[in-house]
Amino acid sequence: MKYYINEFSPKDFCMNLYFLMRMNIKEMLIEQRQATVFNGILAAAAISKEYAEKYKKEIQHLLETGGFTFYPSRQIAKYDASQIEGGLDNSNGLPFVMHHGKRLYYPKNYSVEKAKKTYYEIATYDAILGKEANGSAHQYQSENYYLPKGGVIVDVGCAEALFALDNMETAAKAILIERNQDWIKALQATFAPYGDKVKIVNKLVSGEDSKSTITLQTLIGQEDKPVFVKMDIEGYEVETIRSARKLLEQKANITLSCCTYHNNNDAAQLENLFNEMGYTIEYSDGYMLFTRYDQPKYPFFRHGLIRAKKA
C-alpha cells in the first residue's frame, strides 16, 4: 500500500487531473465557439438575402457536411493518405515524407506516422500546394501575384517550409525564418541539396534587431532582386507589416502574401496599410472560418490571404 501511495501521490493525481480538465475545457470552448459561429451564420443568412448570396458556396458546404470546417467550399487536392511515402533517415534521426521527389523532413520529436499525417493535412485541408490548390483560400500565389524567376523567397514563419521547397527551382535564393528551434535541424536537412542558396534564420521577425529578433530591413533591405514575402505568423502579420512600413514604402520589386484569418480585423487592417503605402492588393479565393484564438464576429467568414505589390 505504501508503494502505491508514494507512486501516485495526491499532488500527482491533482496535477494530472488539472491538465486533463484544462485540455477538455479548451476543446469544449473551441466547440462552443464553433457552434456559436455556425448558428450565427444561419441566422444571418435567414435575415439578409445579401449575406446569403455573398457566402452562398460556403453556407451550402456547411449545410451539406453538417459540421464545422476552417475551409468551407475549399477545393481539396486529391491525395490518398495511404500512398504517402516516408520513413526515418538513420543518418540524422529525422522522419521525412516524399514530396514531388524531394525529402521533406520533420522534427525529431515527430514519428513517421505523425509526419505523414501532418503532411496529408497540409496537402489536403490547408491546400497550399500551388497549382494543385487553385481556388483555395490559403493559396499564396496567383496569376498576378507570384515569385518571378530569379527572385528571392522570404518565408516568414516557415515551419516545414513547404512553400519555399515547392519554388526552389524558380528562386535564386530562399531566406527561411522560423523562431521554433525544433524545426531548424529539419529545415537544414530538407534544404541541404540547395547549399548556399538557402539561409535559415532561427529568430522572430520584429521591429528591431536583437539576439532573438530580426527586421525585414536587415533581411532584404540590400536585395536587388525581386522579393516575394510569404507571411504566416499566427496573427502578428499586421504588427510586422506596420514595423516594416518604411522599407516597404521605399523598396521596389516586392510582393507579399500575408495570412489574414487569425484575428477578426487582420484583413481590414492589412488592406488599409497596403493602400496607404501605394500597393495594389487582392484577396485569395473563398473564405475561412477560424476559431482557435478568438470568438469570430459577424460576418464570421474571413479572407484567408491578402496579396500585395507596388502599384
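On the given criteria, is Met231 in contact with a strand residue (DSSP E or B) (Cβ under 6 Å, 6 or more places away or on another chain) and modelled with pLDDT of 95 or more?
Yes: the conditions hold for Met231.
Return the residues of segment 30-61 that are modelled with pLDDT under 90, crowded, with 16+ Cβ neighbours inside 10 Å and either under 19 Å from Asn264 (Cβ atoms) or assigned by TED's automatic domain parsing to the domain that holds Arg292 (or both); say none if nothing qualifies.
Correct list: Arg33, Gln34.
Condition check: crowded, with 19+ Cβ neighbours inside 10 Å, touching a residue at least 24 places away in the same chain (Cβ under 8 Å) and in a helix (DSSP H, G or I). Does Leu147 satisfy that?
So Leu147 fails the test.
From the list Lys185, Lys251, Lys225, Lys197, which residue is over 17 Å from the mean Cα position of the chain (by Cα), surrounded by fewer than 19 Cβ atoms within 10 Å (Cβ to Cβ), basic (Lys, Arg) and modelled with pLDDT under 95?
None of the others qualify; the one that does is Lys251.
Per-residue answers, yes or no, for (1) of a type outside the set (Asp, Glu); (2) over 30 Å from Met28 (Cα atoms); (3) touching a His at 6+ places or on another chain (Cβ under 7 Å); (4) not assigned by TED's automatic domain parsing to the domain that holds Gln217:
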| site | (1), (2), (3), (4) |
| --- | --- |
| Leu270 | yes, yes, no, no |
| Leu273 | yes, yes, no, no |
| Tyr287 | yes, no, yes, no |
| Gln295 | yes, no, no, no |
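Please determine, by comparing only the residues of segment 200-222 that are outside any helix (DSSP H, G or I) and among the hydroxyl-bearing types (Ser, Thr, Tyr), which one is modelled with the lowest pLDDT.
Among those residues, the one meeting the criterion is Ser206.
The values are calculated or read from the model by the stated rules, or taken from the named source; none is laboratory data. Treat the numbers as computed from the prediction; the structure is a model and nothing was measured. Glycine gets a Cβ as well: all are built from the backbone with ideal geometry, and neighbour counts include every protein chain shown.
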